[in-house]
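These notes are about the structure you will find just below.
The values are calculated or read from the model by the stated rules, or taken from the named source; none is laboratory data. Remember, predicted model here, so these are calculated numbers, not experimental data. Don't worry about glycine lacking a Cβ; one is built from the backbone with ideal geometry, like all the others, and counts go over all protein chains shown.
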Amino acid sequence: VGLGSKIITSDRNVRPVKRVQTRRNARVVLISALSLDDIDEDDDRLNYVSPLSTRYASRIMRATFSDLTRFRIWRQLWISLAETQVELGMQGVTSEQVEALKSAPDVDIELAVTYERKLRHDVMSHVHAFGDQVPSARGIIHLGATSCYITDNSELLQMRKGLEILIQSLWQSVANLAKFCKEYKDMPTLAYTHFQPAQPTSVGKRASLWLQDFVTDALELEDVMNGLKARGVKGTTGTQASFLSLFDGDHTKVRELDQRVTEKLGFRAGAWSVTGQTYPRKQDFRVVAALAGIGQSAAKMANDVRLLQHMKELEEPFEKSQIGSSAMAYKRNPMRCERINGLARFLQT
């Protein structure tokens, strides 16, 4: 557990403990490190938080993948579905109900959490919470839909926004690195092969190798983002059977529902023609592969800088108040590049 060497369990709590050896008689004394009885569930300081989100992610990226953003997207998906059902003349769904949904108060997460404790279903807990806020439209929320209409499409919308943020940041990095390449294009330095002295080159030319990789990554990310497809409105197993029933067997309206909702979600590549319960996970693989490519490029650059810093040829920034080591004040460790390598390894694995 990281806090000790043994766990004592009882009906009431779980206590991580550590062993302490006394000098007097070598007895093993068990010291309680933590008791569940003492934990305040509302104290966020006692919640584990991944440094991948709190320490290394930007504020806008954290907000994009936050619970509140996800649940707001869920509501927009329900509204888009109901709105399109009205446009296509589905019986039992009115424009007044859709307007009521649009005018609803913001997501009540606490209410949804309360429902989930009872229902044990994340999507349906939010259906009930939404319905409580808009009683007049309760019956049209999620009409004909399946959970993956909500979860898959919302995750794809968050993914698309995340890619937009990343692409913008990557092109800014490209611009900064291009400026560095131009500034030092005439500064001579020794090039290496097999990390052995080879022939002269320039600092700018060496950096252009990193630049070229990042340009390739940015173009690949743009291609991936523009090619993202929605799951669309496909029903429980991709057959659209529930919507065919709601539209009294009108296949044209079922296809039109899928197309219109997808257009409202803003997917340039449209929706997948065929799905099962979920959209094809091949799409996720393509996104992850593109992200891993950025990690590879960043790791290459960071590793080069670390080697060159050891040889006193190049050095990453070191701030005036920065501390290089808690024990050796003179050290100037390449901590930024070390972090890049660590995060890149996470991406690549």
Among all residue pairs at least 6 apart or on different chains, which show Cβ distances below 6 Å where the first residue, located in the stretch 140-161, is within 18 Å of R281 (Cα to Cα) and in contact (Cβ under 8 Å) with a residue 40 or more places away in the chain and the second is part of a helix (DSSP H, G or I) and of a type in the set (D, E, K, R)? S154/R70
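Please count how many residues of the stretch 64-118 are under 30 Å from the mean Cα position of the chain (by Cα) and on the phi > 0 side of the Ramachandran plot.
Residues meeting the conditions: 0.
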For the condition assigned to a helix (DSSP H, G or I) and not aliphatic (A, V, I, L, M), what is the one hit in S273, S326, S297, S321? S297
Residues being loosely packed, with under 15 Cβ neighbours inside 10 Å and within 12 Å of R206 (Cα to Cα): count how many of those fall in the stretch 166-185. 2
Between a first residue in the stretch 117-132 that is free of Cβ contacts under 8 Å to residues at least 60 places away in the same chain and farther than 13 Å from A145 by Cβ and a second residue that is of a type in the set (F, W, Y) and surrounded by 19 or more Cβ atoms within 10 Å (Cβ to Cβ), which pairs have beta carbons less than 6 Å apart while being 6 or more apart in sequence or on different chains? S125/Y115; H128/Y115; A129/Y115
Of the conditions (1) in contact (Cβ under 8 Å) with a residue 60 or more places away in the chain; (2) within 30 Å of R55 (Cβ to Cβ); (3) assigned to a helix (DSSP H, G or I), N303 clears all except one; give me its number. (1)
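Quick grid of which residues meet (1) surrounded by 11 or more Cβ atoms within 10 Å (Cβ to Cβ); (2) at pLDDT below 55; (3) closer than 30 Å to V261 by Cα:
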position: K6; (1), (2), (3): yes, yes, no
position: P16; (1), (2), (3): yes, yes, no
position: S32; (1), (2), (3): yes, yes, no
position: S35; (1), (2), (3): yes, no, no
position: F65; (1), (2), (3): yes, no, yes
position: I79; (1), (2), (3): yes, no, yes
position: E87; (1), (2), (3): yes, no, yes
When you look at A198, is it surrounded by 19 or more Cβ atoms within 10 Å (Cβ to Cβ) and either part of a strand (DSSP E or B) or in contact with a Phe, Trp or Tyr (Cβ under 8 Å, 6 or more places away or on another chain) (or both), yes or no? no
Name the pairs whose Cβ atoms lie under 8 Å apart, with the first residue in the stretch 54-75 and among the acidic types (D, E), the second surrounded by 13 or more Cβ atoms within 10 Å (Cβ to Cβ), and 6 or more positions between them or separate chains? D67/I109
With criteria (1) in contact (Cβ under 8 Å) with a residue 60 or more places away in the chain; (2) among the polar types (S, T, N, Q); (3) farther than 18 Å from N153 by Cβ, Q85 comes up short on (3)
Out of all the residues in the stretch 329-349, which are touching a residue at least 60 places away in the same chain (Cβ under 8 Å) and either in a loop (DSSP other than H, G, I, E, B) or surrounded by 15 or more Cβ atoms within 10 Å (Cβ to Cβ) (or both)? L343
Considering only residues that are of a type in the set (S, T, N, Q), within 27 Å of K253 (Cβ to Cβ) and touching a Lys or Arg at 6+ places or on another chain (Cβ under 9 Å), which ones fall in the stretch 98-150? T146
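Select, from T237, T262, T252, the only residue that is crowded, with 18+ Cβ neighbours inside 10 Å and over 27 Å from V305 (Cβ atoms).
Working: T237 fails: crowded, with 18+ Cβ neighbours inside 10 Å; T252 fails: crowded, with 18+ Cβ neighbours inside 10 Å.
When all the criteria are applied, what remains is T262.
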Can you find a residue that is outside the structural domain of K161 (by TED's automatic domain parsing), more than 20 Å from Y149 (Cα to Cα) and either in contact (Cβ under 8 Å) with a residue 24 or more places away in the chain or surrounded by fewer than 20 Cβ atoms within 10 Å (Cβ to Cβ) (or both) anywhere in the stretch 277-289? no
